[in-house]
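All of the numbers you see were taken from the coordinates with simple rules; none came from a lab. The shown structure was predicted, so the numbers you read here are calculated from the model rather than taken from an experiment. Cβ placement follows ideal geometry from the backbone for every residue including glycine, while neighbour counts extend to all protein chains displayed.
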Amino acid sequence: MTTAAGKVRLAPTVLDAATSARVISVAILFVVMLAAVDLTTNEAFYIYKPAVLGNERVSSAEIVTASQIEGLHVLWLQPERVEASLRTNLPELRAVFVWCSLPAECTIQVEERRPAFEWKQGQTRTWIDAEGMVFPARGHSPDMPMIEVAPNVSALLPGQHAESGLVSAMLALAGALPEVKSYRFTVEHGIEFNDPKANWPVYVGVGSDVAARVAMWKSLATSLASRNIKPKFVDVHYASAPFYGK
């Protein structure tokens, strides 16, 4: 193109436009790379001292340690996997929720299991909740029923589930006999306890119809007392066919 002054000026070409677009793309890529480098190396995006909510017996430090998220980059966090791992490693946690906000403000909210009764075998104490989950005993609760277990009974370890018959029986006994806090468990008789008034053993067994067995025991105990009979034991494994030993 020739100007009025006789000078020549080149008109923009397609090649110029392509070159400009390439320069812009490179610049954008460079900015993105800088941002990515900052995102992965900036300490602000690494998780430190996550908050813990909802815990009562399990310490915050123990929960954080078991979560294994301290020092982890927030982008590599997989909340569902952390939640599942915490429930496995700390069976006393019934529910776990993990979430984070940028840059790396993370929270672990938990719901602890509520023990229904204690299972004591020798010096080993575990708690069992209404769902049958076994978990470590933490502290002491005098209002909680406790089962003293015979040595030849299979151990119940944290993370295992107790048999439903045992759990349903203990829940029924806790409701029907709130005054009884001490029970025993043997292979031969299942659950047993001492009559609160006469102090002879009552064999209850396990299962879902324990309330009916307790009612039969109370009726039989009244009958025995009226006849001044002091049995060696009363067996109400079967509510329809109770018997006692002389």
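Sparse packing (at most 12 other Cβ atoms within 10 Å of the Cβ) combined with a DSSP loop state is found for the following trypsin sites (Lys or Arg not before Pro) in the stretch 168-209: Lys197. Over the stretch 43-112, Cα pairs under 8 Å with separation of 6+ residues give a relative contact order of 42 percent. Shown here for the stretch 205-246: chymotrypsin sites (Phe, Trp or Tyr not before Pro) in loop regions (DSSP other than H, G, I, E, B) with at most 12 other Cβ atoms within 10 Å, of which there are none.
Along its principal axes, the stretch 65-127 has C-alpha extents of 49, 18, 15 angstrom, given from the largest down. Remark: C-alpha extents of the stretch 115-245 on the principal axes read 47, 27, 24 Å, sorted largest to smallest.
For each pair in Lys120/Lys197; Lys120/Lys246; Lys218/Lys246, compute the distance between the two Cα atoms and list the pairs where it is over 22 Å. As for pairs spanning more than 22 Å Cα to Cα, those are Lys120/Lys197; Lys120/Lys246. Among the GluC sites (Glu not before Pro) within the stretch 167-246, those in coil by DSSP and having at most 13 neighbouring Cβ atoms inside 10 Å are Glu179, Glu188.
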